[in-house]
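Laboratory data are not the source of any read-out in this text; all were calculated from the coordinates shown. Here the structure is a predicted model, which means the values were calculated and not measured. Neighbour counts are summed over all protein chains in view; Cβ atoms, including those assigned to glycine, are modelled from backbone coordinates with ideal geometry.
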Amino acid sequence: MEITCDHIREKLTQKLGAVHVDVEDTSSNRCAASFKVLVVSSEFEGKPLLQRHRLVNMCLAEELKEIHAFEQKTLTPEQWEKQKSQ
Amino acid sequence: MNNLIRATARCLRSGTAVYMPRQADGRLWSASGRRFLCSDVQKDLGEIVKKDKVVVFMKGTRAQPMCGFSNAVVQILRMHGVDDYADYNVLEDQDLRQGVKDFSNWPTIPQVYFNGEFVGGCDILLQMHQNGDLVEELKKLGIHSALLSAEKESK
């Protein structure tokens, strides 16, 4: 399985109903070893941080076996709007 | 095989200096004479996370973290003046490395526990630090964050 930014974005969009996803390959030579994601989804509403991150981890369980490092930020659409306006 | 080589190369790249198998305080994960048998790991982890108020599973030691994310956790705890915590080096023991991932149902290292409860990894601790939750959670453990004292002094 080849892990690409597009693949991760697609999966998070489909499975978590994300309305916005930023994916960045943070490995030094863009070798898909580490990624940083920002996920905006209404699924996160009312859920603490740990639960949000678990949702993302679950969604990418297969990919995370191959990925060396993974950073994530999880926002509700409301939080995302707030952050954008700041 | 190629995967293994790549993974090793990645680890080496992200490592800072020479691999130091011994923890700074002399407490060695496997030096206690008991290496972890797979079947025992889960049970032992259940005890380990409760043994100390704050427990960190990391790559390297607090004196010499071997990965940026583990280092970030150490630095955050240091900022809050949390000295009294147990750090376990997962690079020392492959059973522990996989065992703690299974135990927490969490795919990455570092992992932080407060009072036997899983808090999260580096991202979560960092966000808790930024939004002030960490100070509150430490208070629940009876730990007064050094950042609170610093704040008072500057007023």
Residues whose modelled amide H sits under 5 Å from the amide H of B:D87, counting only those 5 or more places away in sequence or on another chain, are B:V56
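Identify the GluC sites (Glu not before Pro) of the stretch A:10-86 meeting these criteria: DSSP loop state and at most 13 other C-beta atoms within 10 Å of the C-beta.
Passing sites in the stretch A:10-86 are A:E45.
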Across A:66-74, the residue-averaged tally of Cβ atoms belonging to other chains within 10 Å stands at 5
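If the limit is 18 Å between Cα atoms, which of B:K43/B:K101; B:K101/B:K140; A:K47/B:K101; B:K59/B:K101 go over it?
The pairs that break the limit, which is 18 Å between Cα atoms, are B:K101/B:K140; A:K47/B:K101.
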With label points set 7 Å from each Cα along the Cα-to-Cβ direction at A:N29 and B:K140, the distance between them in nm comes to 4.5 nm
Among A:Q72, A:L50, A:V37, the residue whose Cα sits farthest towards the positive end of the charge dipole of chain A, when +1 is placed on the Cβ of each Lys and Arg and -1 on the Cβ of each Asp and Glu, is A:L50
Each residue of B:123-130 has, on average, a number of other protein chain C-beta atoms within 10 Å of its C-beta equal to 3
Per-residue Cβ contact counts at 10 Å, fewest first, order A:S28, B:S70 as A:S28, B:S70
Non-local residues with an amide H under 5 Å from the amide H of B:M66, with H modelled 1.01 Å from N and Pro and chain starts lacking one, are B:K59, B:G60, B:T61
Other residues with Cβ under 9 Å from the Cβ of A:V23 give, with Lys and Arg +1 and Asp and Glu -1, a net charge of -2
Of all DSSP beta bridges having both residues in chain A, the percent classed as antiparallel (nearest 5) is 45 percent
Per the rule of 0.36 nm per residue minus the C-alpha distance, extending B:S154 to B:Q42 adds in nm 35.8 nm
Ranked on Cβ counts within 10 Å of their own Cβ, fewest leading, B:L147, B:L96, B:L91 go B:L147, B:L91, B:L96
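Which length gain, in nm to one decimal place, applies between A:K65 and A:K84 when the Cα-Cα distance is subtracted from 0.36 nm times their residue separation?
3.6 nm
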